[in-house]
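Take a look at the structure below.
The values are calculated or read from the model by the stated rules, or taken from the named source; none is laboratory data. The structure displayed is predicted, hence computed values, not measured ones. Every residue, glycine as well, gets a Cβ built from its backbone with ideal geometry; the counts of neighbours run over all protein chains shown.
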Amino acid sequence: MRQLLSLSRAARLVGVARGALQQKIHSGELPSFDGMLSADDLLRLYPAVELESDIGFERVEKIREEAFGMRLRERMLPSQAILSQRLFEQSRELADLRAHLQRYHAMVVELRERLRDEEARGVGAVRESAGKLGELLDRALEAVLGQSEAPNALALMDDMLRVMSAHVVVHPSRHEFFVDGADTILDAALRSGLALNYGCSNGNCGLCKARVVSGQVQKVRQQDYVLSEAEKRQGYTLLCSHTAVGDLVIEALESVEAGDIPPQQIVAQVKAMQALGDDLMLLRLQTPRTNRLRFLAGQNLTLTLGEASAQLPIASCPCDDRNLDFHVVRNARDSFAQRVFGSLKAGHAITLFGPWGDFVLRADSPRSILFLACDTGFAPIKSLIEHAMALELSERLHLFWLATRPAGHYLANLCRSWADALDNFRYAPIAAEHADATELVRRIGAEHADLNAFDIYLAGPEAFVATASMALLERGFPQAQLTAAIV
Ligand code: FES
């Protein structure tokens, strides 16, 4: 029987990004059956997959942990309770299969006996047919029982994967993700780049309520929000307080545009400050564990420090909604920047209000993406790129970063690590002495004859955004595929 695997599960098993498999499906190298892939086809394309080989897993994890710029998270096994439940489920499946096999065995033995009886007692054609059928059955059994096939490496790894993590499919979007370690279902969805509906992430508000269509969940955090009896009967659960025991199908709401997320006010703490140059500071804030910030990649926040406040783009990914990065430029006329470069220290409190802005990724667009950043316009672009990577978009992601100041490509190493880790990512740093916004657009047009096949995200100072937008539109680039932010 053909073993079929979902795209996400197949990607995990052979240790490649989901996008790499999508490209093989599009190119016709890998057949897909209603979105599912056959284990045999996968083994044909990736014959080196071995049970002992965890190189692929390591690579995916490395990309997730380092190239994405996500803060290190604890790599934990599922809790003992979850592990034992998953093992119990697998044992039950095995026991069912064994019982099934025993029934088949008994049926075959009985059939063989009956054929012998017919052959012994029957007459004429009946006796002859029974004899032939008996011989046929003996030969078939001999052929099947005599086979000693090596175990299918993918099937074994799949069994192991089912113990280590649970696979979740979200309806109606059909998005998929895995719940690893001690993650709640909500944590795991956010890490995978999905924008599920939620509020407090602490079991209080009920906004992460979702219906479990199939599979089992287990509470891993206390919750104060009370589901009604009717909701419980219909299978509703709180995603922020539960993890998946095994594979799940859930019905849940997802945000697709900026207007889906309400403004929130949160007091965060300065976790770290790191100079990214003489006049630039990486400000990393951490929200309370029980009050995290819900936002879409590319959005802004208002940060308030006493009397001083500033609206800044978030330079990190919503897949890590507790740790928020900002790139603050030293500016004598900006009282907030003065505080950051003056008296601000780790542990100080900053009030956050937002998120704002619609400079967000069109995640469902099938087009490749060009990111054009100028100076600290890189901040929201970085958030978009990390989000695109968390979603494992398979389309081309090309970043052009124009710097108007010396050492202006202040996170060039990070960009290069993305390019090293991902086949579909390209990074082009450009110094302003070699090109202005108009020249940048001309170069991009010369490099990409199919420019209109891209979505373009443009972020930087007002003059850069205006000039580059104008140059693009004059070339006939569709306005609807252009998203811009002034930073
Ligand atoms: S997010 Fe508030 S209860 Fe889950």
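Within the range 206-231, restricting attention to residues that are more than 11 Å from the ligand (Cβ to nearest atom) and among the hydroxyl-bearing types (Ser, Thr, Tyr), the residue that is farthest from the chain's Cα centre (by Cα) is 228.
Right, residue 456: in a helix (DSSP H, G or I), in the same structural domain as residue 388 (by TED's automatic domain parsing) and under 31 Å from the mean Cα position of the chain (by Cα) or not?
When the stated conditions are applied, residue 456 does not pass them.
Of the candidates 209, 132, the single residue that is of a type outside the set (Phe, Trp, Tyr) and either in the same structural domain as residue 391 (by TED's automatic domain parsing) or buried (at least 17 other Cβ atoms within 10 Å of the Cβ) (or both) is 209.
Taking the range 160-186 as the range and being touching a helix residue (DSSP H, G or I) at 6+ places or on another chain (Cβ under 7 Å), away from the ligand (no atom under 16 Å from the Cβ) and farther than 15 Å from residue 18 by Cβ as the test, the residues that pass are 162, 163, 180.
I'd like to check something: does the range 135-153 contain any residue that is more than 15 Å from the ligand (Cβ to nearest atom), in contact with a Pro (Cβ under 8 Å, 6 or more places away or on another chain), in a loop (DSSP other than H, G, I, E, B) and in contact (Cβ under 8 Å) with a residue 60 or more places away in the chain? No, because not a single residue in the range 135-153 is more than 15 Å from the ligand (Cβ to nearest atom), in contact with a Pro (Cβ under 8 Å, 6 or more places away or on another chain), in a loop (DSSP other than H, G, I, E, B) and in contact (Cβ under 8 Å) with a residue 60 or more places away in the chain.
Of 315, 346, 337, all but one fail to be farther than 18 Å from residue 382 by Cβ, part of a loop (DSSP other than H, G, I, E, B) and in contact with a strand residue (DSSP E or B) (Cβ under 8 Å, 6 or more places away or on another chain); the exception is 346.
This table checks each residue for (1) in the same structural domain as residue 169 (by TED's automatic domain parsing); (2) basic (Lys, Arg); (3) in contact with a Pro (Cβ under 9 Å, 6 or more places away or on another chain).
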site: 213; (1), (2), (3): yes, no, no
site: 232; (1), (2), (3): yes, yes, no
site: 248; (1), (2), (3): yes, no, no
site: 271; (1), (2), (3): no, yes, no
site: 279; (1), (2), (3): no, no, no
site: 293; (1), (2), (3): no, no, yes
site: 304; (1), (2), (3): no, no, no
site: 310; (1), (2), (3): no, no, no
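One residue is enough: does the range 261-281 have a residue meeting the conditions at pLDDT below 95 and within 17 Å of residue 191 (Cα to Cα)? No: zero hits. Taking the condition modelled with pLDDT under 85, surrounded by fewer than 13 Cβ atoms within 10 Å (Cβ to Cβ) and not assigned by TED's automatic domain parsing to the domain that holds residue 40, does residue 149 pass? The answer is yes for residue 149. Residues in the range 254-270 that are within 14 Å of the ligand (Cβ to nearest atom) and surrounded by 17 or more Cβ atoms within 10 Å (Cβ to Cβ): 4 in all.
When the range 187-205 is examined, which residues are found to be away from the ligand (no atom under 11 Å from the Cβ), at negative phi and part of a loop (DSSP other than H, G, I, E, B)? Passing the criteria: 192, 194, 195. Pairs needed: first member in the range 96-108, more than 18 Å from residue 136 (Cα to Cα); second member anywhere, part of a helix (DSSP H, G or I); C-beta distance under 9 Å; at least 6 residues apart or different chains. Qualifying pairs under 9 Å: none. Is it the case that residue 420 is in contact with a Leu (Cβ under 8 Å, 6 or more places away or on another chain) and of a type in the set (Asp, Glu)? No; evaluated as a whole, the condition is false for this residue. If you go through the range 285-298 and keep only what is among the basic types (Lys, Arg) and surrounded by fewer than 20 Cβ atoms within 10 Å (Cβ to Cβ), you end up with just 289. Residue-level check: of (1) away from the ligand (no atom under 15 Å from the Cβ); (2) out of contact with any strand residue (DSSP E or B) (no Cβ under 9 Å at 6 or more places or on another chain); (3) within 30 Å of residue 353 (Cα to Cα), residue 276 misses just (2). The set of residues in the range 396-436 that are in contact with a Ser or Thr (Cβ under 7 Å, 6 or more places away or on another chain) and either hydroxyl-bearing (Ser, Thr, Tyr) or surrounded by fewer than 18 Cβ atoms within 10 Å (Cβ to Cβ) (or both) contains only 396. Could you grab me the full set of residues in the range 76-95 that are in contact (Cβ under 8 Å) with a residue 60 or more places away in the chain and of a type in the set (A, V, I, L, M, F, W, C)? Those that are in contact (Cβ under 8 Å) with a residue 60 or more places away in the chain and of a type in the set (A, V, I, L, M, F, W, C): 76, 77, 81, 82, 83, 87.
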